[in-house]
1. Mind running the shape call on segment B:87-193? Use the C-alpha gyration tensor, a ≥ b ≥ c as the square roots of the eigenvalues: rounded below 1.5 for a/c, prolate if a/b tops b/c, oblate otherwise.
2. How far apart are the A:ASP122 label points across copies, placing each 7 Å from Cα toward Cβ, in nm, shortest first?
3. For segment B:348-497, what log10 I(q)/I(0) values come out of the Debye formula at q = 0.10, 0.20 1/Å, with one point per alpha carbon and no solvent?
4. Modelling each spin label as a point 7 Å along the Cα-to-Cβ direction, I'd like the B:LYS95/A:ARG481 distance in nm, to one decimal.
5. Counting only DSSP beta bridges with both residues in chain A, tell me the antiparallel percent, nearest 5.
6. Please list, in order along segment B:7-17, the HN-Hα scalar couplings obtained from phi with the Karplus expression 6.51 cos²θ - 1.76 cosθ + 1.60 (θ = phi - 60°), rounded to whole Hz, x for Gly and Pro.
7. May I ask you to sort A:GLU116, A:GLU62 by Cβ crowding, counting other Cβ atoms within 10 Å and putting the fewest first?
8. Around A:GLU228, which amide H atoms from residues at least 5 apart in sequence, or from another chain, sit under 5 Å from its own amide H, with H modelled in the peptide plane?
2 protein chains.
Amino acid sequence: MKLEILRNNYEEYKNKVAAYTLALNSNSFGIATIAPEAGKPFIGEMNSILAGELFSYSVAPENIKMIEQLRDKSDDDMERKECELRLRELYNTAKVPKEVYVDYQLELAKSQRIWEEAKESDNWPLFKDELVSVINKTKHLLTYYDIEGSSYDFLLDQYQMGMNTKKYDAFFETIKSELVPFIKKVVAAKQIDDRPLFTNFPAKQQAQFTEILKEALAMDVQKVYITESVHPFTSFFSSNDARFTTRYHESSLMSAILSTIHEYGHALYVLQVNPAFEKTSFFSEIGYAMHESQSRLLENHVGRDRGFWQLHYPTLRTLFHEQLRDVELPEFLRMINKSEPSLIRIEADELTYPLHILIRYELEKMIFDENVSLDNLDQLWADKYEEYLGVRPSTAGEGILQDMHWSAANFGYFPTYALGSAYAAQFFQQMEKDFDVQETIAQGNFVKVQDWLRENIHQFGASKTGDELIKDVTGEAFDPRYYTNYLIKKFSNIYQL
Amino acid sequence: MKLEILRNNYEEYKNKVAAYTLALNSNSFGIATIAPEAGKPFIGEMNSILAGELFSYSVAPENIKMIEQLRDKSDDDMERKECELRLRELYNTAKVPKEVYVDYQLELAKSQRIWEEAKESDNWPLFKDELVSVINKTKHLLTYYDIEGSSYDFLLDQYQMGMNTKKYDAFFETIKSELVPFIKKVVAAKQIDDRPLFTNFPAKQQAQFTEILKEALAMDVQKVYITESVHPFTSFFSSNDARFTTRYHESSLMSAILSTIHEYGHALYVLQVNPAFEKTSFFSEIGYAMHESQSRLLENHVGRDRGFWQLHYPTLRTLFHEQLRDVELPEFLRMINKSEPSLIRIEADELTYPLHILIRYELEKMIFDENVSLDNLDQLWADKYEEYLGVRPSTAGEGILQDMHWSAANFGYFPTYALGSAYAAQFFQQMEKDFDVQETIAQGNFVKVQDWLRENIHQFGASKTGDELIKDVTGEAFDPRYYTNYLIKKFSNIYQL
């Protein structure tokens, strides 16, 4: 077939895939935000049908063949690379029978409902059997793939291409050996009293500060939409359309602020990908650790930093003049950077956060590579919290039931949270070499940060791997010590160690 | 093929059609409410692809054949009837080549953008050429159908099955002969000063009253979602999920209130259809006039009536105590029922409203049946306003450019607005025979109204035609004099004629 025809056919293919994907996103975003309660099961049912349609179409043998031909005949390096990236995904998916795929989707929908119920009633036994079923079905699904190495290696690679247990073991070994003893020192040091951040902050004023964040972070309101949902998340509709949610907790000032900054990091990434990549795998296949590096970079290196609050704390203080009357900027900065071992990951501070991930990583490895019995998984969970963080959950709700990831079979996802934070530290160190970031932000020139991120990272989308990007941006291979050193230096400073 | 297999296949067919339809709704609802501006063209483009997919699948010859077989073999009357109703639609659609169908969808998307621009800049020549193109493409499209009678007859039947120019001519003749002279009398009578309703009503308090309306109208918040958009509309997601929008005009108290009540009429209809009809044509093919009869019934016979405001006016007055301090209930009722010929349909009062529709009906007939030149359509429009309502638009913006329907090729849609209002009057007369509606509503028992509507009208969905429903509910054939008599009696009373 002529190159021109192949290109047209591939255009049509990408369009259809994009249309189904948008439909799924649009429905899911609705479920999480505005859909009336009684309408949700119908939307879920329809989404499993649409997902099945997308599945059938995207892995149809004639379509895979067409993409292979384009890859072989193309005279354009990027085009070949994009076809390659897409085929890598399709080869795996194509091996799964459609019935197995759709059955798996339905199982996951059910599992998420059961998890919600179990979490609400703090009932681990209720969820345990369902989790066993999800794990077994996931293992069964994996039998269809050609997997080199372990099952868990395969899953890790799905969330961030190029990653495996060998690399993660080395990474987490550094985290463990550097941070566990350091955290003990922090725990022993004089504690920070951050109670003023947990009084009463009406949602209405918090929402006003979200409006201020739009300007402070130079959000393009033509392309960004923010609303509320129970769990904050970001959804990508196109290169011109990113939507994310936040949630206002009236007893916690920083929760919505940091979550908004975090989610905007995800949104900004997608909005700054080269628009020519629209509908391609370079757009949709960005690794989860890379994505998290951008949200964590904004959340921690900007949203918890002096430069940012030097400029915006006065405004925050005006909005909450009663509550923050006695809190001067230096104290505020100490409060928002307080570290204290705790049970709930999403409320964890920056320093102890990677240990929450370490625990999940170790448990996932046991589930997939060691076939650990799930009967005592909640106790194993508790033991590890005690070992690494010195705290022990007294209920499943503040232990193993806290995250929904396993109910959605997102095994291999958690580690990207820690890896992303480490990428962020290494990227940020480079940014600081290039210009005085803190001072630039303090002067209100956040656009310069965005431009640097676009030029160095965002524009490339998934056309470079995480490892390639780190190398190209910093001139060095990935090194987790940038992350641990950054944390140790920062918190030594805060806790005067 | 065995009946059981046919039924299974038809189930699968209905599921897929429902999934595509939901995706289109979900995307469109997003465009109208939350999608960031820059993201809208992408969603529009993707929706034309999904519409094309739905088209291909729904009219595929093997699917049509399958439905025909089910109709022929079924032993269930309702099943046969539903197949018949769906086939009626499919036979027409199937005759259009997919390229023509998709090209038409893209033309309409373009046309709506041009209309928006033309309306904003009050530029009729800008829109005129595009309208000519839409009309010609619509006429071209109609050449694919087997049409008995005129093209316009065909279009009218599309929006309300069983309707044609002959019936509408008779209907509008009654409207014209009864109402035009009566409106002249009203114009000559002493006018009502309704300025207190057009002072300043902050959106925030208006939104509070919307919350009160939820209770007042017994909305099931598990199934109903309300948000804001430029033009209020209702979107149906499933038998458990109806979403509608409103818009707050701070200088006009009743605009959002009546619009909310109106849209709820649409939502309630769908939520009260027999849930067994989910995904069937009995659910999706409800005629536009029937639908409008339910929104107009709530808007006019409830939302502008004494019983309703006897109960809720005190609350409204508390919310706007400054603005309504001097307005007692009897005056308020006169104000919200003021009649005055005006130029803008959507702001028209209940009495003059059908003449706005009459004008559009006459113009549409000229366009389709008489091939009138479009060069002077704006002047023809103005002439008819002068003739029937005694007012003349000075710009296209307050004349021919005011409605978006023609840009979406919704020719044949307008007449259902008047017909629906007439249906509403005849239905309501019957409801009043069955119980004392005003008193029941005044006592806060709105559920009784909802139950009556469900039992008599809603539950049947499209399994009965408008004519059949009128007959079954009232024991008589449709008679427009219920409508004109109701209007003349009501406004004679208000204007003491």
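Derivation of every value follows stated rules applied to the coordinates shown; laboratory data play no part. The structure presented is a predicted model; accordingly, all values stated were derived computationally and were not measured. Heads up, the Cβs are rebuilt from the backbone with ideal geometry, glycines too, and the neighbour counts pull from every protein chain shown.
1. Details: a/c = 3.29, a/b = 1.40, b/c = 2.34.
Oblate, since a/c reaches 1.5 and b/c is not below a/b.
2. 6.6
3. Normalising to I(0) and taking log10 leaves -0.49, -1.24.
4. 7.9 nm
5. Within chain A, antiparallel bridges account for around 45 percent of the total.
6. 5, 4, 5, 5, 4, 4, 4, 4, 4, 5, 4
7. Details: A:GLU116 14, A:GLU62 7.
In increasing order of surrounding Cβ atoms, one gets A:GLU62, A:GLU116.
8. Hits under the 5 Å cutoff: A:THR246.
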